[in-house]
Amino acid sequence: MEQLERLQQWIDESDNIVFFGGAGVSTESGIPDFRSVDGLYHQQFAYPPEVMLSHTFYRQHPEEFFDFYRKKLLVSGAQPNAAHRKLAELERAGKLRAVITQNIDGLHQLAGSREVLELHGSTLRNYCERCGKAWDTSVVAGCGGVPRCDCGGVIKPDVVLYEEALNGETMYRAVDYIRRADVLIIGGTSLVVYPAAGLIDYYAGDKLVLINKSPTAMDARADLILSGPIGAILGAVRVG
């Protein structure tokens, strides 16, 4: 495959690679994405998923929010796939500088990646909105209704909901990594969710790689496009 051979060459020649990924990176681990034919946006709920995952809905309908959150965003037993493992291997080899992810599942860290910037937070972290105490996800997953701290405050998952701002420091670091990258690999994302999708604008190099099952609005800007499951594609990359 000519495209895979070119990707291999660019990886071989670089020690300043940055990866930016979305929900498609974790679908091969059994975690559904949002926009594919089997994604959350194509399932039937009382409200659209983007409404149920909004800050307004969280405040106004907390019981329904947590019911949806437990059923659809908390995934038990998911394991890293070939994409997660290969990215961790590239980091250990000194070739990959950072993983920037829109995912909230913690699978990059479970695979061994150390420099992971979580733009949308993580389901593995939870905190009391009143006193700030940290709580394990098992508490949120195991209770019924709205999870409460010992102090009576609501235990909120450390995820960025619609209408909430992304963490400024995380965004700053992501922009810095992308701006300095030789090779930017973008995978498993439709590149339609802003401001995260706007990170592509900070890349000034000539080795922009898009790996996705379906076309994106940014395909015309790519220097290399590989179509297919990202685990299969990255899993074929040789390191060292």
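The values are calculated or read from the model by the stated rules, or taken from the named source; none is laboratory data. Since the structure is predicted, the reported quantities are computational estimates derived from the model, not experimental observations. As a convention, Cβ positions derive from the backbone with ideal geometry for all residues, glycine included, and neighbour counts pool all protein chains shown. Remember, those area values only see protein heavy atoms, side chains included, never the ligands or the DNA or RNA. Shrake-Rupley method; radii C 1.70, N 1.55, O 1.52, S 1.80 Å.
At-a-glance table
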item	result
Candidates per trypsin sites (Lys or Arg not before Pro) in the stretch 98-167, loop by DSSP, up to 12 other Cβ within 10 Å	R114
Proximal lysine pairs, the stretch 21-147, alpha carbons under 30 Å, eight or more residues apart or interchain	5
Selection from V175, P147, L96, by position along the positive dipole direction of the stretch 83-217 (Cβ)	L96
The stretch 1-142: proportion of alpha-carbon pairs further apart than 23 angstrom, %	45
Loop-located GluC sites (Glu not before Pro) in the stretch 145-221, at most 15 other Cβ atoms within 10 Å (DSSP)	E163, E164
Paramagnetic label zone (point 7 Å from Cα along Cα-to-C-beta, V146; backbone N under 11 Å) in the stretch 59-73	59-66
Model label zone, E63; criterion: amide N under 15 Å from point 7 Å along Cα-to-beta-carbon; scope the stretch 145-179	145-148
Point-to-point label distance, Y202-E164, nm (Cα→Cβ direction, 7 Å offset)	2.1
Principal axis box of the chain, alpha-carbon based, largest edge first, Å	56, 34, 31
Cβ crowding within 10 Å averaged over residues, with 180-188, 74-82 ranked highest first	180-188, 74-82
Portion, in percent, of the accessible area of the chain that falls on carbon or sulfur, probe 1.4 Å	49
Among D158, D15, D206, residue whose mean-square fluctuation peaks in a GNM of the chain (springs only between Cα atoms under 10 Å)	D206
Spin-label pair F45/V239, simplified geometry with 7 Å Cα→Cβ offset, distance in nm	3.4
Most fluctuating residue given options C128, C143, C151, as computed from a GNM of the chain linking Cα atoms under 10 Å	C151
DSSP beta bridge pairing in the chain, given as percent antiparallel to the nearest 5	25
Solvent-accessible area per residue, Å², over the chain with all protein chains present [probe radius 1.4 Å]	47
GNM top mover of H61, H120, H108 - the chain, alpha-carbon springs below 10 Å	H61
